Amino acid sequence: MTPSMMHMATTEQKILEQGLWFQALPAALKQQLLEMAQMKKLVHGEALFLRGDARCGLYAVLSGMVRISGLNEEGKEAILTFVEAPNWFGEVALFDGEKRTHDAMAEGSVTLLHFPQSALDRLLDAEPGYWREFGLLLARKLRLAFTAIEDLALLPASVRLSRRLVMMAEGDGGRICDGKHIVSVPQEQLGKMLSMSRQTANQILKDLASQGLIRIAYGHIEICALEELKRLSGFQR
């Protein structure tokens, strides 16, 4: 490995180590994943994969944001989530071998690591014990999905939005947080994620800003009082 490649791997690993899942992996698995990783860059609006595409491996975001969503026959979009660094996605198809369930599109410029399906297959054939580690990644996503479904059914819009801001600030609970907490999602997109109108989302955000809990800026939201926002929304880990 050349010095430039070693530097690149070190830089990538530092970003991935900010995520709780990758940080907890066995050292040998971390190294094997880094060795198979391929850098990929996307421009705004570019599709990484679409619903119905064949599985192609896993991805980890290094910078930027990927929008995971689906479209109905009328072209109406349902946004499931936005994936930011250092989070991973694509693990559902790793387990069931089926086609992609949703679209993954670049929201702005994105840099990510691709872990090809063929390399993952060889790794897991050789080390079947590693399935547990990927199972933990999948289980965390399932837990978050259950929480989102329950929140949608039971909670008022203001609480749901506050909770989602907390979750996104913490990388859906998968990121080690320090310093400022920035949610880089436009207000309209945030409303779509929570099945509420842009007007409703904007009013709730203004109310939170008036309380000093957040600061609204163009294209992003800064969380000024994360612990207070957690308390307000009854958020618990």
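The values are calculated or read from the model by the stated rules, or taken from the named source; none is laboratory data. Remember, predicted model here, so these are calculated numbers, not experimental data. Using ideal geometry, Cβ is built from the backbone for each residue, glycine included, and neighbour counts are taken over all protein chains shown. To get the accessible areas, we keep the full protein, side chains included, count just its heavy atoms, and leave off ligands, DNA and RNA. Shrake-Rupley method; radii C 1.70, N 1.55, O 1.52, S 1.80 Å.
Things to note:
- Gain upon complete extension [residue 76, residue 41; 0.36 nm per residue less C-alpha separation]: 9.9 nm
- Solvent-accessible area of residue 197 with every protein chain in place, 1.4 Å probe, in Å² to the nearest 10: 50
- Relative to the dominant Cα principal axis of the chain, helix 3-16 is inclined by about 40°.
- Principal-axis tilt of helix 131-154 within the chain, Cα atoms, nearest 10 degrees: 20
- Using alpha-carbon coordinates, inclination of helix 198-210 to the longest axis of the chain, degrees: 80
- Residue 122 versus residue 136: modelled label distance in nm, points set 7 Å from Cα along the beta carbon direction: 2.6
- Computed extension length for residue 215-residue 195: 5.0 nm, one decimal, from 0.36 nm per residue of separation with the Cα-Cα distance subtracted.
- Spin-label model distance (nm) - residue 27 vs residue 155, 7 Å beyond Cα toward Cβ: 4.0
- Taking the Cα centre of region 1-110 as reference, the dipole from Cβ charges on Lys and Arg (+1) and Asp and Glu (-1) amounts to some 240 debye.
- Phi to ³J(HN,Hα) by Karplus 6.51 cos²θ - 1.76 cosθ + 1.60 over region 81-89, Hz, x for Gly, Pro: 6, 10, 9, 10, 4, x, 7, 10, 7
- Relative contact order, whole percent, for region 1-123 stands at 36, derived from Cα pairs under 8 Å and 6 or more residues apart.
- FRET efficiency, residue 10 to residue 109 (Cβ-Cβ, R0 30 Å, nearest 0.05): 0.85
- Accessible-area ranking of 149, 68, 182, largest first, probe 1.4 Å: 149, 182, 68
- Estimated dipole of region 62-196 in Debye, rounded to 20 [Cβ of Lys and Arg +1, of Asp and Glu -1, Cα centre]: 340
- Linear extension gain, residue 228 paired with residue 51, 0.36 nm per residue minus alpha-carbon span: 59.9 nm
- Dipole of region 37-111, positive end: most advanced residue of 52, 82, 64 [Cβ charges, Cα centre]: 64
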